[in-house]
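Engineer: Please read through the structure below; I'll follow up with questions.
The values are calculated or read from the model by the stated rules, or taken from the named source; none is laboratory data. On a predicted model such as this, the values are computed, not experimentally measured, just so you know. FYI the Cβ positions are ideal-geometry reconstructions off the backbone, even for glycines, and counts take in every protein chain you see. These accessible areas exclude ligands, DNA and RNA; they are computed on the full protein's heavy atoms, side chains included. Shrake-Rupley method; radii C 1.70, N 1.55, O 1.52, S 1.80 Å.
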Amino acid sequence: EDAGSLLDHLAHHTSLLTPTTPTRDTYRIQELLRTYLTADLHRQGPTRAADLHTTAAHWWAEQNQPINALEHATRSHNPALLTELLHRHAIPLILTGDHGPLRRTLSSLGAHATATDPWLALTSALTQLEAGDLPAAQTDLRHARKHWPHHNTPDLTALRTAVEQLTAPTENPSPTAATTDTCSATDLDTPTEPPLAALTHLARGTALLEHHDHAGARTELDAALDLAHRHGFDYLTMQCQVLLAVIARTSGEIHTMLARSNEAISSAARHGWQHSTWSITATSMLAHAALLSADPPQAQHLAAEGLTAHPGLLTPPLRFALHTTHGAATYDQGHRANGLAELQQARSELGEHPISAEHAATAAVLEFHAALQLGHTTAART
């Protein structure tokens, strides 16, 4: 009961503790002393240490510090507590971009525990999506479906719907069926809790954008962005800015696209997300804008930056966009044969992967123009 006054006394009269907040309710201890006290604690037996980690986990959760709470819950060797905290905090951590701690916590819980709990399986699917591993995300989604409870909650249903929408382009290859599923999903009530509501709007917006309903997608993404601003979901803010930039580019609103893309890249730089798919997508749009502005050196530089940032996160359409811009910029700078070769190679590597009509038309015009000027009429006709 006298912990506060004792810690304050030690901080005032020794150099062993340092308060970390103006209210002096949290203290940092010297590393050497912390190591000694931890070793002494474990000499008292593992049960005592586990109990204290449980207490600490609850305390940090009450302070809305979920990462610290999950760290102590992991050390408590209490799967029930860990599961409870993940149910409460996993979605906010995804929206704030704290994917590493979340992924480590899920791993510590074990693959079986994650797979047999639909909420955790769906949470794991979202972390896999952000890591660029769509097959793993689909596996997690199948686990959630397999272990779906007979009496589920509206929030669990909303989470599953969001994950299904975010994996819909690959999960459901039929455009007609996918559009029908998207329309029915948007008729569902939006959850009341801000994190799940924000995720729901993001998923709806992504699905509507995938099926070319730009007005509907913009409405949903604006709603997600508003929630992100109000609740500090910084990673979600970046995602929404990128998707709204995609809509602006497709609609020919180049100035809006530039503003959205630059905001997304600035946010990525502040938080260390430069190598995320979202940041690379924004870079791709800036590269294309530079090409449209008759600035091929900048276009080539930005495209090369996107291609080398994190090759493992490049989806086939994103790689195609970057190579198309890079090849066109190379051509415009006088290296015509190399530029055309890169444009042709980009199309060959894309294969049958779907891209938007606008993207396909832009790439076709660039390659056709290059081939025609070089006198390659067969290639131009192709």
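Engineer: Would you rank V246, V365, V163 by solvent-accessible area, highest first, keeping every protein chain in place and using a 1.4 Å probe? It would help to have the intermediate numbers written out before the result.
Structural biologist: Working: V246 30, V365 100, V163 0 Å².
Largest accessible area first, the residues go V365, V246, V163.
Engineer: Among A61, A73, A329, determine the one that fluctuates most according to a GNM of the chain built with springs between C-alpha atoms less than 10 Å apart.
Structural biologist: With Cα springs under 10 Å in the chain, the top fluctuation among A61, A73, A329 is at A61.
Engineer: Mind checking which of I355, A228, S267 is farthest towards the positive end of the chain's charge dipole, using Cβ charges of +1 (Lys, Arg) and -1 (Asp, Glu) about the Cα centre?
Structural biologist: Final value for the positive-end residue is I355.
Engineer: In nm, what is the difference between 0.36 nm times the number of residues separating H255 and A3 and their Cα-Cα distance?
Structural biologist: On the way: separation 252, 0.36 × 252 = 90.72 nm, distance 5.71 nm.
Full extension of this stretch gives 85.0 nm more.
Engineer: Report the far tail of the P(r) of the range 1-40, meaning the percent of Cα-Cα pairs longer than 14 Å.
Structural biologist: 48
Engineer: Just round it to a whole percent: the fraction of Cα-Cα distances in the range 1-135 exceeding 23 Å.
Structural biologist: Considering the range 1-135, 44 percent of its Cα-Cα pairs are separated by more than 23 Å.
Engineer: Taking the inverse of the average 1/r across all pairs of different Cα atoms in the range 24-67, what Kirkwood radius in Å do you get?
Structural biologist: Evaluated on the range 24-67, it is 11.8 Å.
Engineer: Please give the per residue accessible area of the range 242-359, computed with a probe of 1.4 Å over protein heavy atoms only, in Å².
Structural biologist: Values: 5430 Å² over 118 residues.
On a per-residue basis, the range 242-359 sits at 46 Å².
Engineer: Here's another thing I want to ask about it. What percent do you get for the relative contact order of the chain when only Cα pairs under 8 Å and 6+ apart count? Numbers along the way, then the final one.
Structural biologist: Working: 462 pairs, mean separation 28.0, N = 382.
This gives 7 percent for the chain.
Engineer: Compute the length gained on full extension between S348 and A379: take 0.36 nm times their separation in residues and subtract their Cα-Cα distance, giving the result in nm to one decimal. Spell out each step's value before the answer.
Structural biologist: Numbers: separation 31, 0.36 × 31 = 11.16 nm, distance 1.26 nm.
Value of the extension gain: 9.9 nm.
Engineer: Modelling each spin label as a point 7 Å along the Cα-to-Cβ direction, I'd like the A361/T139 distance in nm, to one decimal.
Structural biologist: Output for this residue pair reads 4.1 nm.
Engineer: Heavy atoms only, probe 1.4 Å: what % of the accessible area of the range 30-144 goes to carbon and sulfur, would you let me know? Mind dumping the intermediate values first?
Structural biologist: Details: 3150 of 5710 Å².
Ligands and nucleic acids excluded, carbon and sulfur give 55 percent.
Engineer: How many nm separate the modelled label positions at N338 and D222, each set 7 Å beyond the Cα in the direction of the Cβ?
Structural biologist: 4.5
Engineer: Test of understanding: extend the Cα→C-beta vector of H214 to 7 Å, then name every residue of the range 346-382 with backbone N under 15 Å from that spot.
Structural biologist: Counting backbone N atoms under 15 Å from the label point, the list is 356-362.
Engineer: Quick query: amide H of Y27 versus all other amide H atoms, modeled in the peptide plane; which residues come in under 5 Å with a sequence gap of 5 or more or a different chain?
Structural biologist: The list, which skips near neighbours in sequence, is T20.
Engineer: Same structure again: Compute, for T362, the solvent-accessible surface of its heavy atoms (probe 1.4 Å) with the complete set of protein chains present, and express it in square angstrom to the nearest 10.
Structural biologist: 50
Engineer: Could you grab the relative contact order for the range 200-255? Cα pairs under 8 Å, six or more apart, rounded to a whole percent.
Structural biologist: Numbers: 44 pairs, mean separation 16.4, N = 56.
In percent, rounded to a whole number, it is 29.
Engineer: Give the ranking of Y27, Y235, Y36 by solvent-accessible surface, highest area first, calculated with a 1.4 Å probe.
Structural biologist: Details: Y27 45, Y235 10, Y36 130 Å².
Correct descending sequence by accessible area is Y36, Y27, Y235.
Engineer: Shifting gears a bit: Working only with C-alpha atoms, what are the Rg and Dmax values of the chain, expressed in angstrom?
Structural biologist: Considering the chain through its Cα atoms, Rg and Dmax are 25.1, 86 Å.
Engineer: If you don't mind, another one. Please give me the summed charge of the neighbours of A57: other residues whose Cβ is under 12 Å from its Cβ, Lys and Arg +1, Asp and Glu -1.
Structural biologist: Working: positive: R75, R88; negative: D51, E62, E71, E84.
In short, -2.
Engineer: Evaluate the distance, in nm, between pseudo-label points positioned 7 Å from the Cα of H310 and of I29 along their respective Cα→Cβ axes.
Structural biologist: For the pair H310/I29, the computed spacing is 3.6 nm.
Engineer: What net charge do the residues around A113 carry, taking every other residue with its C-beta under 14 Å from that of A113, with Lys and Arg at +1 and Asp and Glu at -1? Provide the component values of the computation, followed by the final result.
Structural biologist: Details: positive: none; negative: E84, D117, D140.
Once all neighbours under 14 Å are counted, the net charge is -3.
Engineer: While we're on this one: If packing is taken as the average number of other Cβ atoms within 10 Å across a peptide's residues, how do 307-320, 348-361, 288-301 rank, most packed first? It would help to have the intermediate numbers written out before the result.
Structural biologist: Working: 307-320: 16.1, 348-361: 12.1, 288-301: 17.9.
Descending packing order for the listed peptides: 288-301, 307-320, 348-361.
Engineer: So which residue, out of L122, L32, L302, gets the largest mean-square fluctuation from a GNM of the chain using Cα contacts under 10 Å as springs?
Structural biologist: Ranking L122, L32, L302 by mean-square fluctuation puts L32 first.
Engineer: Just to verify a number: what accessible area does D2 come out at with the full protein assembly present, 1.4 Å probe, Å² rounded to tens?
Structural biologist: Near enough 100 Å² of accessible area.
Engineer: Let me ask another. What does the charge dipole of the chain about its Cα centre add up to, to the nearest 20 debye, if the Cβ of each Lys and Arg holds +1 and the Cβ of each Asp and Glu holds -1? Can you show the working numbers first?
Structural biologist: Values: 23 positive and 38 negative charges, 140 e Å.
Magnitude of the dipole: close to 680 debye.
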